[in-house]
Amino acid sequence: MWGFVALLFGVFVWLIFHSQRPSLRVLMYHKVADTNPDFLTVTTVQLRQHLHHLQQAGYQFVSLPDVLCALSNNTGDRINPRAVLLTFDDAYKNNLTHALPVLDEFAVPAVIFVPTAFVGGTNEWDGGTDAIMTGDELKSLVNRGINLAFHSHQHLNYKHASPERAAQDLEANVRVADEMSLPMTPALAYPYGGRPKDPEQRRALYETLERLGIRAAFRIGNRLNPLPLRNVYDLNRIDIRGTDSFATFKRKVKWGKIV
Ligand SMILES: [Zn+2]
């Protein structure tokens, strides 16, 4: 009996410690719509509720350049201990039409990760017909608190790509963004959160990122990033789903994945 009580107490103390520990929380969104939430789509009502909660709970919104700055001095003391970075993958047009007005309401920054092969097209990589922003639309965002960053050229899963194929794709991502004059911030979100399991192949991918001047890369992982930040090419994001309840959202943000 007392052993069980001690165990519960221990878990409680650990949870408090874990949620209070100085950390960067990175939230991963995809699509935003008026209705019909699904695992990749939150509604504008949900997004507004999320941002309101984050503000009320005392989290501090930071931008991607803030995070890169903290990485470059490698101490983490220039980043708020309750920092939250909002990220949106794939550059859907609904980010412009539906997310941006809500972000503006709360005056919070965000980053959009762009798969350059699909700019002005649709999410063909998963057979979808959702519009991806055009180059001009993407450029129009950068004076409005949005940073653009890399999401591979072909939305390739680097977990299954050879180091050569991944390097070609990343080079195309950087080159095509440059040709379109997109003002990119040098960071990457791995499509599907995928990077090679094999240590040699992973090292080769990291070397390519370094060579291309990409200074941070985000996986999924559903964990918080304790400060100071380490493993700059392996930063965790929390997967935010429109199918989650508000209680689940709050729990994920506070603790990430517990086990
Ligand atoms: Zn993606």
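If we scan segment 233-247, do we find a residue that is of a type in the set (A, V, I, L, M), on the phi < 0 side of the Ramachandran plot, under 19 Å from the mean Cα position of the chain (by Cα) and in a helix (DSSP H, G or I)?
No, segment 233-247 has no match at all.
Checking each residue in segment 216-226 for being surrounded by 20 or more Cβ atoms within 10 Å (Cβ to Cβ) and over 19 Å from residue 199 (Cα atoms) picks out 224, 225. Take the conditions (1) part of a helix (DSSP H, G or I); (2) crowded, with 20+ Cβ neighbours inside 10 Å; (3) in contact (Cβ under 8 Å) with a residue 60 or more places away in the chain; (4) aliphatic (A, V, I, L, M); residue 96 misses just one of them, which is (3). Looking only at residues of segment 105-137 that are within 25 Å of residue 46 (Cβ to Cβ) and among the polar types (S, T, N, Q), we find that the one that is farthest from the ligand (Cβ to nearest atom) is 129. Of the residues in segment 146-161, at least one is away from the ligand (no atom under 16 Å from the Cβ) and closer than 24 Å to residue 237 by Cα. Answer yes or no as to whether residue 227 is of a type in the set (A, V, I, L, M) and free of Cβ contacts under 8 Å to residues at least 60 places away in the same chain. No; evaluated as a whole, the condition is false for this residue. Selection of first residues in segment 129-143 that are farther than 17 Å from residue 110 by Cβ and of second residues that are outside any strand (DSSP E or B), restricted to Cβ pairs under 6 Å at least 6 apart or on distinct chains, gives the following pairs, ordered by first then second residue: 130/123; 131/93; 134/120; 135/119; 135/180.
Out of the residues in segment 68-95 that are polar (S, T, N, Q) and at pLDDT 95 or above, which is farthest from the chain's Cα centre (by Cα)?
Taking segment 68-95 as the starting set, the residues that turn out to be polar (S, T, N, Q) are 72-75, 80, 87, 94-95.
Narrowing further to those that are at pLDDT 95 or above: 87, 94-95.
Numbers: 87: 4, 94: 17, 95: 14 Å.
Ranking the candidates gives 94 first.
For segment 80-95, what are the residues that are out of contact with any Leu (no Cβ under 7 Å at 6 or more places or on another chain) and away from the ligand (no atom under 15 Å from the Cβ)? Across segment 80-95, the qualifying residues are 80, 82.
The values are calculated or read from the model by the stated rules, or taken from the named source; none is laboratory data. This one's a predicted model, so the numbers in the text were calculated from it and none came from an experiment. We place every Cβ from the backbone using ideal geometry, glycine too, and count neighbours over all the protein chains shown.
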